[in-house]
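Pasting a structure below so you can have a look.
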Amino acid sequence: MIRCTLTELYLHWNRFTGETGEKIAKALHDNSNLRVLDLSNNSLGLLNGDACASAFSGLFGNEESELLHVDLGNNRWTRK
């Protein structure tokens, strides 16, 4: 089995909703090598947007994280 280290992930312009975003955030939680994450121009704020935001806040709170650049812009987030 070959293992590679994921350091950059570009998933912009995919029409992902909050349901998918939450799954992505949870899947990335154990990847401390990720340096760039771009999920811009999706719809993460729709369909389970609160759970998605919560999952990403857990990802960003990971002290072992190497994240240097995160783009979650233009995702139809709403303020509460």
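FYI, it's all coordinate maths here, none of it is from the lab. In this text, all values refer to a predicted model and were calculated from it rather than measured experimentally. Don't worry about glycine lacking a Cβ; one is built from the backbone with ideal geometry, like all the others, and counts go over all protein chains shown.
Which whole-number percent gives the relative contact order of the chain, counting Cα pairs below 8 Å spaced six or more residues apart?
Dividing the mean separation by the residue count of the chain yields 37 percent.
Something else about it: For the chain, I need the span (max minus min coordinate) of the C-alpha atoms along each principal axis, in Å, sorted largest to smallest.
Extents along the principal axes: 40, 25, 23 Å.
With point charges of +1 on the Cβ of Lys and Arg and -1 on the Cβ of Asp and Glu, referenced to the Cα centre of the chain, which listed residue (His29, Leu72, Gly61) lies farthest in the positive direction of the dipole?
After comparing all options, I get Leu72.
Please get the size of the charge dipole for the chain, origin at its Cα centre, with Cβ charges of +1 on Lys and Arg and -1 on Asp and Glu, quoted in debye to the nearest 20.
Taking the Cα centre of the chain as origin, the dipole is about 300 debye.
Another one. On a 0 to 90 degree scale, rounded to 10, what angle separates helix 18-28 from the longest Cα axis of the chain?
Tilt of helix 18-28: around 20 degrees.
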